[in-house]
Amino acid sequence: MVADVTGRRGRLAPTPTGYLHVGHARTFAVAAHRAGQAGLALRIEDLDGPRCRPEFTAAAIEDLRWLGLDWTEGPDCGGPHAPYVQSERATWYLEIWRRLAAAGAIYPSPHSRRDVEQAASAPHDETCDPRRSAESVFPPALRPCQWDRAAAPGGTPWRFRVPDGRVIEFHDGICGPIRLTAGVDFGDFVVWRRDDLAAYELAVVADDHAMQIEEVVRGADLLVSTARQLLLYEALGWQPPCFAHAPLVCDASGRRLAKRTGGLAIRDLRAAGWSAAAVLERHGVPRH
Ligand code: GLU
C-alpha cells in the first residue's frame, strides 16, 4: 500500500457503534503515518442515535492508545476546535443546513434511505469493491417540483440535489485518480435526517472544514461519499481537503469487515496475546 508521509493535518473519526477491528486499525495507522508531525484530531462520530454507546467511545480511545496512535486534539486532550464529539455540535450543523437551504442546494424529501433502497430492491453490498456504493441511486422522479421555504429542517429528511451527469474527479493520495458521475454512481443524498440530526455527509464536511483538516484518510468504502462531499464543499464555497482512501480489510470470503465481524476486534486480538506491532504488521500498515 502506498503510504507516503504528507505532513498534512489529519483526523481519526471512529463511530462508537461497536469495537474497533483490524480494518479500523489499518485506516487509522495509515492516517497517523501520513500526517506525521502535522498531527491528528480525534473526533467521535456519535450521531447514530442509540447504536452509539459511551462504552464504545471509551473502548475506541483505549484501543487507539494501545495501538500506539496519538492525537493532539480530541476528547481527552482538548484543543482549539473543541468539542470533538459530533452529538455536541448540533448548532454548527444547523448553520450549515441554513446555508445550503438558502442556496437552494437541498430540498425536503420524505423518502428515507430505506424507502429508496426498498423501492430499488438493491442488495446491500458488502464486497470489497469500493466503487460500488452500498446505497441505491435516488430516482430523480422522486424530487419535489417545489417546496416551501423553511427556517428549520422540521422533522423531514433533506437531500442535496446532485448535478446529474456531472463527473467528479479527484486525485486520491492512495488510489490515484478517481472519477465518479453524479446521477449514475450516486444520486441525491441525505444531509438532514428525519430525527432532526445532521446526516453523515453534512456533519463530516462541516467538521473537517471547521477543524482545518488538510487530508482526510478513511476506508475505501467511503469513496462515493467523497464525491458527494466534494459537491457539498463546492456548494458551501469551501476549499476541500485532500483525500486518501485506505484499502478495506476483507475476511476469507471477500466480505468487508463490519463491527459485527467476530474475532478481529482489536481488543480480542489483544486478549489473545497479540502485540500492537503484530496486529499492525499482519495487516500491512506502515510503522509510524
Ligand atoms: N466515522 C466513520 C467510520 O467510522 C468514518 C467517517 C470518515 O472518515 O469520514 O467509518
Self-check item: Values of log10 I(q)/I(0), in the order q = 0.11, 0.21 Å⁻¹, for the stretch 163-263 under a Debye, Cα-only, solvent-free model
Solution: -0.38, -1.20
Quiz prompt | Relative contact order (%) - the stretch 1-81, alpha-carbon pairs under 8 angstrom, separation at least six | solution = 37 percent
Quiz item: Hey, can you rank 24-34, 210-220, 67-77 by average C-beta count inside 10 Å, highest first?
Solution: 24-34, 210-220, 67-77
Quiz item: Can you list the residues, at least 5 places off or on another chain, whose amide H is less than 5 Å from the amide H of GLY219, using H built in the peptide plane?
Solution: ALA246
Quiz prompt | Inter-site label distance for SER253 and ALA151 at 7 Å from Cα along Cβ, in nm | solution = 5.4 nm
Quiz prompt | Helix 90-102 vs. the chain, principal-axis angle (Cα, 0 to 90°, nearest 10) | solution = 40 degrees
Quiz item: Between ALA278 and ARG114, what length in nm is gained on full extension when 0.36 nm per residue of separation is reduced by their alpha carbon distance?
Solution: 55.1 nm
Exercise. Work out Dmax and Rg for the chain from the C-alpha atoms and quote the Rg first, both in angstrom.
Key: 18.7, 60
Quiz item: For the stretch 13-99, what does the alpha-carbon gyration tensor say about shape, rounded, prolate or oblate, given a ≥ b ≥ c as the root eigenvalues, a/c under 1.5 as rounded, and a/b over b/c as prolate?
Solution: oblate
Quiz item: Lys/Arg Cβ at +1, Asp/Glu Cβ at -1, dipole of the chain taken about the Cα centre: which of GLY68, ALA25, PRO54 is farthest positive-ward?
Solution: ALA25
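Using a probe of 1.4 angstrom, how much of the accessible area of the chain is carbon and sulfur, in percent? Before the final figure, lay out the partial values.
Numbers: 6690 of 13140 Å².
Answer for the chain: carbon and sulfur cover 51 percent of the accessible area.
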Quiz item: Given a cut-off of under 8 Å on Cα pairs at least six residues apart, what relative contact order in percent is computed for the chain?
Solution: 25 percent
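The values are calculated or read from the model by the stated rules, or taken from the named source; none is laboratory data. Quantities reported herein were computed from a predicted structural model and do not represent experimental measurements. For neighbour counting, all protein chains shown are included, and Cβ atoms are generated from backbone atoms with ideal geometry for every residue, glycine included. Remember, those area values only see protein heavy atoms, side chains included, never the ligands or the DNA or RNA. Shrake-Rupley method; radii C 1.70, N 1.55, O 1.52, S 1.80 Å.
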